[in-house]
Structure formats: structure tokens, C-alpha cells
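To start, the structure under review is shown below, and the notes come after it.
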């Protein structure tokens, strides 16, 4: 699959008629968070992604990123592994997965370490990338990460629809939680 994906959803109306609509899911339909302690690198990367119509937010520390994740949903996180002071990228990843388990995290580092990459992957990172990275390669990885998250989201939506159809008129607890976050 490429950067652009077309997904077909079945729409069931309240009167029981079924129809189809196509919804396009491209790079401009998701939210990205970039976390890096180097202000120049962070600003440049955020600007380059925003120029490609990606809703991108930047954070200079793991703590700032976690605060943002408590307030706003993100689909893909680009996370620097080595950040001095405060929490490092691996600890931030651990906490991010508690706050937003379905957010896909790309670990980005200029200091390659087999141990760190293994630990990051065990904690649920989507991939481990080395700086410097070409923007095209990063965009490809971001698209792959988004496709994985989107597939998980679709499975969850289908399960919720089935649950609602089994128990019509009931508001589900996870729906209340989602409304609070949005």
C-alpha cells in the first residue's frame, strides 16, 4: 500500500437501508506528534510535515509530549530516543502506550544501539529509524504506521457497531471516554 489509501465503509441507516460510501484516507487525514530535544531539527521537521498537509505538533521533551497526548489524540509519533534531562525516549514510549495504546511510534535516533532498538520494539514501537533520514523515507514509514493504526481503529469501530446492534439504545462506556478526549 502506498501513502494514499482508499477505504470502503458500509453505512447502515436507521431505517435499515444499506449503502456504500468511499472515504479517502491520505496523509493529510492524520495527526502526528514530533518529539525531539533539538529545537532546530524539531522546527524544520514539523514545518516540512505541515507543508505536506500533515497535522503536526512538536514537543521539545518527553514530558511535554505526554502532556500533549493527554489533551489530544495522535495517530503517529516520531520520538527521539536520546533526550537529556527529564525522561528519555524509551521511558516516554512506555508512558505514551499507556495514554494512547493505538498511537504508532517511530523511534528516531542519531545514536544507534541494538539494545535500545530491541527494548523500543518490545514496548510497542512501530519502527526504529536512524538520523539523518530522508523526508521521503520518513513519510513512507509514517504512512505505513498510519495504515496499521487505521486498520486497528476500523476493527474497533466494527466491534463497537456489533455491540451497539446487539444492545440498541445503550451508550457504551468507551464512547463516553472518546467524547472526553476529542
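If you go through region 127-147 one residue at a time, do you hit one that is farther than 22 Å from residue 36 by Cβ and at pLDDT 85 or above? Within region 127-147, one or more residues are farther than 22 Å from residue 36 by Cβ and at pLDDT 85 or above. Would you pick out the residues in region 64-81 that are surrounded by fewer than 16 Cβ atoms within 10 Å (Cβ to Cβ) and in contact with a helix residue (DSSP H, G or I) (Cβ under 9 Å, 6 or more places away or on another chain)? Answer for region 64-81, where residues must be surrounded by fewer than 16 Cβ atoms within 10 Å (Cβ to Cβ) and in contact with a helix residue (DSSP H, G or I) (Cβ under 9 Å, 6 or more places away or on another chain): 70, 71, 72, 73. If you filter region 111-126 down to residues that are touching a strand residue (DSSP E or B) at 6+ places or on another chain (Cβ under 8 Å) and over 19 Å from residue 31 (Cα atoms), you find that the one that is modelled with the lowest pLDDT is 112.
Within the bounds of region 160-179, is there any residue that is assigned to a helix (DSSP H, G or I), modelled with pLDDT of 90 or more and farther than 18 Å from residue 101 by Cβ? So far as region 160-179 goes, no, none of its residues is assigned to a helix (DSSP H, G or I), modelled with pLDDT of 90 or more and farther than 18 Å from residue 101 by Cβ. Does residue 108 fit the bill of being buried (at least 16 other Cβ atoms within 10 Å of the Cβ), in contact with a strand residue (DSSP E or B) (Cβ under 8 Å, 6 or more places away or on another chain) and modelled with pLDDT of 95 or more? Taking the combined requirement at face value, the residue does not satisfy it.
Report whether or not residue 153 is out of contact with any helix residue (DSSP H, G or I) (no Cβ under 6 Å at 6 or more places or on another chain) and either without any contact (Cβ under 8 Å) to a residue 24 or more places away in the chain or not in a helix (DSSP H, G or I) (or both). Judged against the criteria, residue 153 is not a match.
A Cβ distance below 6 Å, combined with a sequence gap of six or more or placement on separate chains, defines the contacts here; from region 26-41, residues that are on the phi < 0 side of the Ramachandran plot and loosely packed, with under 15 Cβ neighbours inside 10 Å reach residues that are part of a loop (DSSP other than H, G, I, E, B) and at pLDDT 85 or above in the pairs 28/53.
The values are calculated or read from the model by the stated rules, or taken from the named source; none is laboratory data. Everything numeric in this text was worked out from a predicted model, so none of it was measured. Virtual Cβ from ideal backbone geometry, glycine too; neighbours counted across all protein chains shown.
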